[in-house]
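Here's the structure we're looking at; comments come further down.
The values are calculated or read from the model by the stated rules, or taken from the named source; none is laboratory data. These numbers come from a predicted model, not from an experiment. Using ideal geometry, Cβ is built from the backbone for each residue, glycine included, and neighbour counts are taken over all protein chains shown. SASA here: full protein model, heavy atoms, side chains in, ligands and nucleic acids out. Shrake-Rupley method; radii C 1.70, N 1.55, O 1.52, S 1.80 Å.
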Amino acid sequence: MSSPRGSLSTRSGGRVGEGAPRETSRVRSPSVSNVQPQKHRRSVPLRDQTPSHSHSHSHSHSLSRSRSHAFALSLLLPLFVGCAQTPSSSIARLERGGYDAALLLAEVAARARSAGATGLEPVGATVVGESEQLGSFVSVPAERCLLAIARGTGNIADLDLFVFDDAGDSLGSDESQQKSAAVLVCPPHPSRVYVAARVTGGTGLAALAVMTLSPERALAVAAATDARGLAGTDSGKLDAWPGLERTIRERRARIGSSFQELRRVVLPLEPHARTAMSLQLDAGRCLDVLAVPSEELDSLVLTVEDETGRIVARHRTPAREATVLVCAHHDVHLTVSLRPRGGVGRAAVIAAVTPRGAALELAPDAWLDGLAPLVPLAAARQRHRGRMEAATSPVAAELAVEGIAELGVPYAAEVELAPGCTRIDVVGGAPLGSFGVSLWSASDRLLGEARGGEVATLFACNAVATRPRLEVNALDGRGPFAIELRRESSPSPALIAHPLAAARLLARIDAEHGPMPPSLAAVDALALAEGERHTRAFALPKGACRQWLVAADGPAALGLAAYSVVGSEPAAPPRAENAVNSGAERRPAEATALGLARGPRTVALTLCAADAPITGRIVLTNSASATQLLWHERSSP
């Protein structure tokens, strides 16, 4: 059985039998003088003794065998004696056992214990080189937080720490450029996680261990151990780029929605060759790419190409950082290309994607590129018809208008809408590029808007029959389009009362969950002024998922946050002054952030109770002017 590298220690000296002093002593044969008095006797060697004639033949044969055995013993015995006298310091010996991870992590474990963590469980310790890792599966109690700690010694310059679930999704990471790392994961979390420490710079000894703590001690333990992973903390991967994390947060807040990072890399750049990386973008999602150049570079050229090599998005603003935001209506493989305008240097590139259908949560002033149609109009309509027929309750389509959209000249057409809610699909065909559509009332009030590559979808809800104006704007080049209508005659009354919020809410649900009839029963209307918040309690059973969606009827800056509550209880009626404390009060509830989403017009947040039930609250905030809102909750797969 081979031992882990570094667990075998050797002592000085050569191999067994080499380098040992040769033995010169010999074993003498016993003489007669050893058994008889020496007086009047002469010592005679055994080989010189001859048997008397009076001995029998059998006795002579026995004596011959004794002589043979004595001779063989005289040859072998010096070898045995020589081996026994070989110095032990010249032999390499295998030491059983390995490095003590608890001893190597004693200092950080002591700080964690002082803040409230318990139960140090070593995962292991061994010698690892660059790009090698040490890891194991760990079972975590549902009501406890997990603290993973790792430390590198010797020449290890950078040690990263990761926590994954069984599906391989990241639950937390510490990718700061240090030789020690700590990650904190609090409920809700899976019952089993995989913890891995990976060396990204140098070679040496690495140790990994885990501890647990109660959720109310999470902030104290995180401060004591510099642990990452709690809501609002970053991974530290690009700490060497001052201000980068702040730049990322500011861009996320400016463009809205929520993002899951796909890639964080540092790419070398030179002006005469482009540097590229490939990404897969799923249907209904948007990709945001942020490239921040090093000090040696002034500006960057950033483009995104599809499978055919056609540029579908490019950096357009004059800012030093290069950015693109592109959305896809079908699965597509993209190539992100980057080169400097002059000089040689590096760039930090951060690629992230929105949840499915989150394009409507993006800020109106964010430059958004939609992937343009790749097939003729007839084929595009056929493909869209197939998607609609796959819906649970397909509605027959009515072709309203066919036309040609010109670049820079809006195509306007009146569409007749019956009472109720109507789904409006604008389908584009090659060579039309990305395009935008907007729906206006007779009094020039905006009723809905959308952007698309192959399909852009709007919803319109009205109490009486009306003829609004639909405008199609080509953004990249001229091409054909078709307008299809699908009607729903019995929508929720809240949708009719707030048509713009209804259009945004239905479009958001449709973009994530696919074609569906625009009839939602559980829709609540509420008003929220600037600086106010709206809170609702929730309880998720084990294995259940729930989604909250909010749409505004006017300008807004919405935020939706979910918190789990530990130690909560129903509010008691206020007590009179000087009342005696009966001791029935419990400690105040401790809240742990579970998720956050932002958006200027719509916002959505999904939460799942994977291995344990969750009790908490949802908080909706509005940092813009007062507006009317529609609130919808739905079970999510």
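Histogrammed with a bin width of 10 Å, the alpha carbon distances of region 127-215 distribute as 20, 50, 25, 5 percent, first bin at zero. For the listed peptides 425-438, 408-421, a ranking on the average number of other beta carbons within 10 Å per residue, highest first, reads 425-438, 408-421. For Glu389 and Asp169, a Förster radius of 41 Å and the Cβ-Cβ distance give a FRET efficiency of 0.80, rounded to the nearest 0.05. Legend: calculated FRET efficiency, Glu107 to Ala142, from the Cβ-Cβ distance at R0 = 25 Å, rounded to 0.05, equals 0.25.
When each of the peptides 301-311, 473-483 is scored by how many other beta carbons lie within 10 Å of its residues on average, the order from highest to lowest is 473-483, 301-311. For region 443-563, the Kirkwood hydrodynamic radius comes to 16.9 Å, computed from all pairs of different C-alpha atoms.
Full extension of the chain between Ala527 and Thr118 yields a length gain of 142.6 nm, computed as 0.36 nm times the residue separation minus the alpha carbon distance. Multiplying the residue separation of Val301 and Ala537 by 0.36 nm and removing their Cα-Cα distance gives an extension gain of 80.2 nm. Once the Cα-Cα distance is subtracted from the 0.36 nm per residue extended length, the Glu95 to Arg252 segment shows a gain of 51.1 nm.
Protection proxy ranking for 148-160, 537-549, 106-118, using the average of other Cβ atoms within 10 Å per residue and placing the highest first: 148-160, 106-118, 537-549.
3J(HN,Hα) along region 449-460, derived from phi through the Karplus expression 6.51 cos²θ - 1.76 cosθ + 1.60 where θ = phi - 60°, amounts to 8, 7, 10, x, x, 9, 9, 10, 10, 10, 10, 10 Hz, with x in place of Gly and Pro.
Over region 330-477, the alpha carbon radius of gyration divided by the compact-protein estimate 2.2 N^0.38 Å works out to 1.23. With the biggest extent put first, the Cα atoms of region 136-270 measure 48, 42, 30 Å across the principal axes.
Only protein heavy atoms count here; under a 1.4 Å probe, Ser635 has an accessible surface of about 80 Å².
Using heavy atoms of the protein chains and a probe of 1.4 Å, the accessible area assigned to Tyr99 is about 100 Å². Label-to-label distance, Leu219 versus Thr335, with points set 7 angstrom from Cα along the beta-carbon direction: 5.0 nm. Couplings 3J(HN,Hα) for region 471-480, derived from phi with the Karplus relation 6.51 cos²θ - 1.76 cosθ + 1.60 (θ = phi - 60°), are 10, 10, 10, 6, 9, 10, x, 6, x, x Hz, where x marks Gly and Pro.
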